[in-house]
1. Rounded to the nearest 0.05, what FRET efficiency do Lys114 and Thr68 give with R0 = 22 Å and r taken as the Cβ-Cβ distance? Could you check?
2. Given a 1.4 Å probe and heavy atoms of the protein chains only, how would you sort Trp214, Trp118, largest accessible area at the top?
3. List, in the order given, every pair from Lys253/Lys276; Lys78/Lys239; Lys114/Lys190; Lys266/Lys289; Lys127/Lys148; Lys78/Lys137 whose Cα-Cα distance in the structure shown is over 24 Å.
4. Could you state how much accessible area Lys266 has, in square angstrom rounded to the nearest 10, with a 1.4 Å probe and all protein chains kept in place?
5. If r is the Cβ-Cβ distance from Val92 to Leu267 and R0 is 45 Å, what FRET efficiency results, to the nearest 0.05?
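The values are calculated or read from the model by the stated rules, or taken from the named source; none is laboratory data. No experiment lies behind these values; they were computed from the predicted model shown. For neighbour counting, all protein chains shown are included, and Cβ atoms are generated from backbone atoms with ideal geometry for every residue, glycine included. Ligands, DNA and RNA are excluded from the accessible area calculation, which covers all protein heavy atoms including side chains. Shrake-Rupley method; radii C 1.70, N 1.55, O 1.52, S 1.80 Å.
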Amino acid sequence: MSSEDQKPEQSKDDTVKNAEPAVEDDVAAPVERFMPEEEAACKQLPTTAQPFKCWYMELLNESNEKKTQANTLFSSAKYENAINVYEEAASVCPHYLDYELAVLQSNISACHLKLEQWKEAISSATKALDGLARLDKAAAEEQAEAEKEEAKAQNDEDGVEEEIVSSGAQNSAPVEKEETEAEQARRKRKEDIARIRAKALMRRARARSEKGGWANLSGAEEDYKLLNTMENLSPADRKIVKAQLVILPGKSKAAQEKEMAEMWGKLKDLGNGILKPFGLSTENFKMDKDEKSGGYSMNFKQS
């Protein structure tokens, strides 16, 4: 299945067409499949240990096969079945492969969006984003260690001999350093993570916006703000983000005022129930705002 985005899907909001990307198929992506120490140990095992040697590799292969099946189900609009198979793929995938698991959770979120199961879509997208956050942390630590080793190697080299160059060579432009295979791999992984993060954020923002309520609308606004800072969005997604950042503040404020009014109404009913045996009601109490401090004081008013 192609990893190209599908055509945008229209939202319930008549003002904006809110699309979610197609599910991901990253089986062939050049990513680290196993912990280095596990892979090294695996290669050293004798032929007699072949069943153990292949056990966890088979888990990943099984997970990828199930993901491919789920992608096909998604393309056939069999979203409930696709969710079940994606979840099976996640259950057999080695737990430390955060990238692969993030792709699966993001795909599950896409299925829930199609089914208008907003709460579940939010949950799955959040799981994907949490996994990517762990990858960011690990990548930062790896980058710091690589820079430390590079600096150490450079210092050792400088200590061995001092290179003598001509004044012309000193004034010439520095030679551009070629990217090593390790650096290329880190850059590719960083791009892959950014791509999945953008898709998961788009899906969570869409679900939060559709779910409604003050908390969800505020969360959607924060997601869209973060998306607005990302450089890897498609023109269609960028258009959606810009439009939602115009619409959501007003919707969020209206939802806040509605929920506050409902809360005060419930508190008022509770207060009336408590005060009724004493021949009083909440109407006997007036809240006055102090314009200087911004605080409120309660004053008793006889009916």
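1. The formula returns an efficiency of 0.75 here.
2. Sorted descending by solvent-accessible area, the residues read Trp214, Trp118.
3. Lys253/Lys276; Lys78/Lys239; Lys114/Lys190; Lys127/Lys148; Lys78/Lys137
4. The accessible area of Lys266 comes to roughly 150 Å².
5. 0.35
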